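Below: the structure, in structure tokens.
The values are calculated or read from the model by the stated rules, or taken from the named source; none is laboratory data. On a predicted model such as this, the values are computed, not experimentally measured, just so you know. Don't worry about glycine lacking a Cβ; one is built from the backbone with ideal geometry, like all the others, and counts go over all protein chains shown. For accessibility, only protein heavy atoms count, side chains too; no ligands or nucleic acids. Shrake-Rupley method; radii C 1.70, N 1.55, O 1.52, S 1.80 Å.
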Amino acid sequence: MCVCVGSNSLSILLQCKTEPYSQGEYNVYSTFQSHEPEFDYLKSLEIEEKINKIRWLPQQNAAHFLLSTNDKTIKLWKVSERDKRPEGYNLKDEEGRIKDLSTVTSLQVPVLKPMDLMVEVSPRRVFANAHTYHVNSISVNSDHETYMSADDLRINLWHLGITDRSFNIVDIKPVNMEDLTEVITAAEFHPHHCNLLVYSSSKGTLRLCDMREAALCDKHSKLFEEPEDPSNRSFFSEIISSVSDVKFSHSGRYLLTRDYLTAKVWDLNMENKPLEIYQVHDYLRSKLCSLYENDCIFDKFECAWNGSDSVIMTGAYNNFFRMFDRNTKRDVTLEASRESSKPRAVLKPRRVCQGGKRRKDDISVDSLDFTKKILHTAWHPTENIIAIAATNNLYIFQDKFN
């Protein structure tokens, strides 16, 4: 089951499993409106309904729960199925109206009758009015009871059952806003230790915090930062070093980050430099000036681990996405397009060239379409199935058919 995000609605996709040949095909399971446009009258500010993040909660019963957020408001949704309806109430008629008690002359046991499957989506909690700035991250804790939400300057800790208050655990807002030098770009809880969290900044740093040390985690436990080479310093250095996404590995030992040009793997036991650096599209380094002029340099790409933490994936331009094998050090560039999304179609590796001799299927840097970008990617936690969001299309690929 995966979620497809519209501008203000969620569509849940379910894999077809009724027929052997339908493996790899998905149908819409449910679509519902998540947020509505709002207006903050105190600040004269319009709040868009656009969804920023979605996070599934670990499944505890037959129902599914997920968190969705726009710039200000977080909602907890319950998604459940109903394929039976009760009949034979003693005090209600078939339309649900209360009967006249004087007409009830006998008692009967209500029974459940089969009905067409119906998917019900209902909002269970609304967490609002806790963020002054735009929410950029939500992360569910491994204790399954709490989650955190992060905006540009603060991180709040919530209990899933309490909507009217949250605890501020990180606050980097300076007394004088003119002294502001960095903002929070992403945050995530450790997958196994409920007291650990990490957040990234626009300066390219990562801060690991331990909630056991203090109620306010302004003082980090570890700071992950790569020393800057003065010879490579340029006008764009700070912009392209901003971390757009951070993900813990499933084992909890490593951190995966994405900045504009690279993906980096960090070892929690080594703070002074990344363990691995992968060039996503280094061929764009000579195009930074034009990318700055068309605002593409501010695009925020996400990254993902596979289930065994051996391969990482992230998006690029021209509807390309990149995969890097950490063991073999091999990498591949693939394209999400309508041609490649035909049933059982095999994805062909693509190559971008910067000049000189070109192979037959090579693509020149100058012919890349920067309006086609893959910002959002996800990898199935146990299987080799990936979801790629390309503008208004969702592509789902898997490695092979049985």
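Can you work out ³J(HN,Hα) from phi for every residue in the stretch 321-330, in order, using Karplus 6.51 cos²θ - 1.76 cosθ + 1.60 and θ = phi - 60°, giving whole Hz and x for Gly and Pro?
9, 10, 10, 10, 8, 6, 7, 8, 6, 8
Tell me, what is the Rg over Rh of the stretch 175-214, with Rh the Kirkwood radius over Cα pairs?
1.08
Would you compute, from DSSP H runs of 4+ residues alone, the mean residue ellipticity of the chain at 222 nm, taking -39500 (n - 2.57) per run and dividing by the full residue count, rounded to the nearest 500?
When only DSSP H runs of four or more count, the value is -500 deg cm²/dmol.
With every protein chain left in place and a probe of 1.4 Å, what is the accessible surface of PHE39, to the nearest 10 Å²?
Result for PHE39: roughly 90 Å² accessible.
Percent of accessible area on the chain owned by carbon and sulfur, 1.4 Å probe?
Carbon and sulfur atoms account for 50 percent of the accessible area of the chain.
Which lysines have a Cα less than 21 Å from the Cα of LYS75, not counting those fewer than 8 places away in the same chain?
Correct list for LYS75: LYS50, LYS53.
Taking H placed 1.01 Å from N in the peptide plane, check which residues at least 5 places from SER201 or on another chain put their amide H under 5 Å from its amide H.
So SER201 has HN proximity to THR185, VAL243.
Under 11 Å from a point placed 7 Å out from the Cα of ASP40 along the Cα-to-Cβ direction: which residues of the stretch 122-151 have their backbone N that close?
129-135
Computed over the Cα atoms of the chain, what is the ratio Rg over Rh, Rh following Kirkwood?
Result: Rg/Rh = 1.03.
At a probe radius of 1.4 Å, what is the per-residue accessible area of TRP305, in Å² to the nearest 10?
So the heavy atoms of TRP305 present about 10 Å² to solvent.
Among residues other than MET115 whose Cβ falls under 14 Å from its Cβ, what is the net charge (Lys/Arg +1, Asp/Glu -1)?
Once positives and negatives cancel, what remains is -2.
Leaving out ligands and nucleic acids, note down the accessible area per residue over the chain with a 1.4 angstrom probe, in whole Å².
Counting only protein heavy atoms, the per-residue value for the chain is 56 Å².
Could you pull the accessible area for GLU225 with a 1.4 Å probe, rounded to 10 Å²?
Taking all protein chains as shown, GLU225 has close to 90 Å².
List the lysines whose alpha-carbon lies under 17 Å from that of LYS348, not counting same-chain residues fewer than 8 positions away?
Qualifying lysines at Cα under 17 Å: LYS360, LYS400.
Compare TYR317, TYR254 by solvent-accessible area with a 1.4 Å probe and give them largest first, with all protein chains kept in place.
Largest to smallest exposure gives the sequence TYR254, TYR317.
Excluding PHE370 itself, calculate the net charge of residues whose Cβ lies under 12 Å from the Cβ of PHE370, where each Lys or Arg counts +1 and each Asp or Glu counts -1.
-2
Can you work out the Karplus-derived ³J(HN,Hα) for every residue in the stretch 227-234? Use 6.51 cos²θ - 1.76 cosθ + 1.60 with θ = phi - 60°, whole Hz, and x for glycine or proline.
Karplus values, whole Hz, x for Gly and Pro: x, 8, 7, x, 5, 9, 5, 8.
Applying the Karplus parametrisation 6.51 cos²θ - 1.76 cosθ + 1.60 with θ = phi - 60° to the phi angles of the stretch 193-210, what ³J(HN,Hα) value in whole Hz is obtained for each residue in order, glycine and proline being reported as x?
9, 5, 8, 9, 8, 10, 9, 10, 10, 6, 8, x, 9, 10, 10, 9, 10, 10
Relative contact order for the stretch 88-142: what percent, with Cα pairs under 8 Å and sequence separation of 6 or more?
26
Could you give the distance between the Cα centres of the stretch 118-163 and the stretch 26-40, to the whole Å?
17
Which far-off residues, 5 or more places away or on another chain, put their amide H under 5 Å from the one on SER30, with H placed in the peptide plane?
Under 5 Å from the amide H of SER30 lie the amide H atoms of ILE12, each far enough along the sequence or on another chain.
Post the alpha-carbon centroid distance, the stretch 247-300 to the stretch 310-352, in whole angstrom.
Their Cα centres are 17 Å away from one another.
Tally Lys/Arg at +1 and Asp/Glu at -1 over every other residue whose Cβ is under 15 Å from the Cβ of GLU302; what's the total?
Charge balance in the 15 Å sphere: +4.
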